[in-house]
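Every number here is computed from the coordinates shown, using simple stated rules; none is lab data. A quick note: this is a predicted structure, and the numbers were derived from the prediction, not measured. Reconstructed Cβ throughout: ideal geometry from the backbone, glycine too, with neighbour counts over all protein chains shown.
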Amino acid sequence: MNWKLAARAEKMNPSVIREILKVTERPGIISLAGGLPSPKTFPVKAFAEACAAVLHNDGEAALQYAASEGHAPLREAVAKMLPWKVDPDQVLITTGSQQGLDLIAKVLLDPGSRVLVETPTYLGALQAFSPMEPQAVSVASDAEGVISEDLAAKAEGARFAYLLPNFQNPTGRTMTEARRVAVIAAAKKAGLPIVEDNPYGELWFDEAPPLPLTARNPEGCIYLGSFSKVLAPGLRLGFMVAPKSIYPKLLQAKQAADLHSPIFNQRMVCEVMKDGFLERHVPTIRARYKGQRDAMVAALRREMKGLDVEFNVPAGGMFLWLRMPEGMDTVALLPKAVDRGVAFVPGLPFYAGEGDARTMRLSFVTASEEEIDKAIAALAGAVREQLAHVVAAKTEQLLAATP
C-alpha cells in the first residue's frame, strides 16, 4: 500500500528526550536526562486504599464512560486549590497537561500562525504545537524570565504567548514578581493571550513563587496544571482553566480527542486528595528534591572547578541548566558522557529559533545523592576530554593559518 502522509505528519519529529532515554536503558548508565519525578515520592499506599474505596463505594460508575469536562468533585477541588477565584465550570480535566497543549494548538493555531515562546522553552510544547504548522517565534529571555519589551515588540499578530513562569523546563528559572507585572501589562496592552504552563509550581524549596500570571488577568490567560509532579505521572491527569469565552471550543476538541480522561483515575485522585493529603504529602517531595538539588550543585562546584562551566541554582522544580565553555557542543559531548556512564539532554532541541549549542539540561530528582556525585564526576571527565579536543583543533587551525 502507498500510504501518503498528511503535511502535518511530515512535520512531526521524535522526542529527543525519549530517544536519549532509550540510551539510559543500557546497564550502568546514570540518567540525568529525563524529566521523570522520583518514584520514591509516589504515594503507593494511599492509592491502594483509594482504589479499594472507589471500587467499593461506586465501582460501576468508576468503570463507566463519563463527562468530557471531568469528574465534577475533582473540578471543584482544582478550583478551590488555585490562588484566585475560579468557577469549576472553567476547569477541564485533561489526560496529562500535555493534552492541554495539544487541545490549545488545535483550537487556536492555523498553519503559519505565530506563537511566542521563551528562549529556551519546553520541548514538549514545541512538539504539541508543531502538527498545526505554526511559526514559533522565540522571545528574548534572561534569568528573570521572558523579557517584556521583546514580548511586546513581537506580539502583533501572535495567537498567544506560551510561558512557564515557575521553575521552568528546561532552565529551572522563575519569573520574578516585577517581571510578571511587566509581562501582564505588555500582554494586556497588545491584546496578547497567554498560555501559562505550571506543572512545577508546587515544588518550591524555600518560598512559594509569586502569584500566577493567570491570577492577574484571568480573562486573558489559559492555565495548565498537572497531578504528575505532586502525585504520579502514570495517572496521566492534568487540568486546564480557561476563560468561559474559549472553554466550549476546548471542550469540543477534548470530546473529539478521547471523549474523557480516565474516570477511574479521576475518582482515585479525588479520594486521595480528600482530608488535606496534598498539604501533607507535597512538603515531603520538596524536602527530597531540595536535598538532591543541593547535592548536584555541590558536585558541580567541586567537579567543574576551573572548567568555565556556568550553571544556575533553581529555587524549585526538577532541573539545572548548564552552559559549557566556548567552542563546545553538547550534542557532540553526549556520546562521550554516555561512554563514561552518564546521560543528559543537549540544549539545542529546547530552542524555537537559533539555539545555544553549549547548553544542556540536567535533572536532579531521579538519581540518588550518591549517584549524582558519581554522574557529575563522570560528566566532568567527559567535559575535560571534549575540551582537550576543542583546544587541539583550535591549535591546528592557528598553526595552519600561520605563514
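Figures for the structure shown
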quantity	calculated
Residue of G59, G225, G35 that the Gaussian network model of the chain assigns the largest fluctuation, springs spanning Cα pairs under 10 Å	G59
Highest-fluctuation residue, V282, V91, V365 considered, GNM on the chain with Cα pairs under 10 Å	V282
Loop sites in segment 296-367: trypsin sites (Lys or Arg not before Pro), DSSP, at most 15 other Cβ within 10 Å	K305
Mean residue ellipticity (222 nm) of the chain, computed from DSSP H runs ≥ 4 via -39,500 (n - 2.57), nearest 500	-14000 deg cm²/dmol
Interchain or long-range residues, amide H under 5 Å from Q135's placed H	G112, S113, R114, V115
Kyte-Doolittle mean at least -0.5 and Cα axial length at least 27 Å: DSSP H helices in the chain	369-401
Within segment 16-125, trypsin sites (Lys or Arg not before Pro) in DSSP loop having at most 13 other beta-carbon neighbours inside 10 Å	K85
Neighbourhood net charge (12 Å Cβ-Cβ; Lys/Arg +1, Asp/Glu -1) for S68	0
Added length on full extension, which subtracts the Cα-Cα distance from 0.36 nm per residue, L55 to E177	39.4 nm
Gaussian network model of the chain, springs between alpha carbon atoms under 10 Å - residue of E49, E369, E177 with greatest fluctuation	E49
Qualifying trypsin sites (Lys or Arg not before Pro) in segment 195-259, DSSP loop, other Cβ atoms within 10 Å at most 13	K244
Karplus-derived HN-Hα couplings along segment 25-30 (A = 6.51, B = -1.76, C = 1.60, θ = phi - 60°), whole Hz, x at Gly and Pro	6, 5, x, x, 7, 9
Cβ-based charge dipole, the chain, positive-most Cα from L224, L322, A128	A128
Reachable lysines, given that their alpha-carbon falls under 25 Å from the alpha-carbon of K188 and they are not under 8 places away in the same chain	K85, K106, K154, K244, K249
Residues whose placed amide H lies under 5 Å from that of A161, excluding near-sequence neighbours	L116, I194, V195
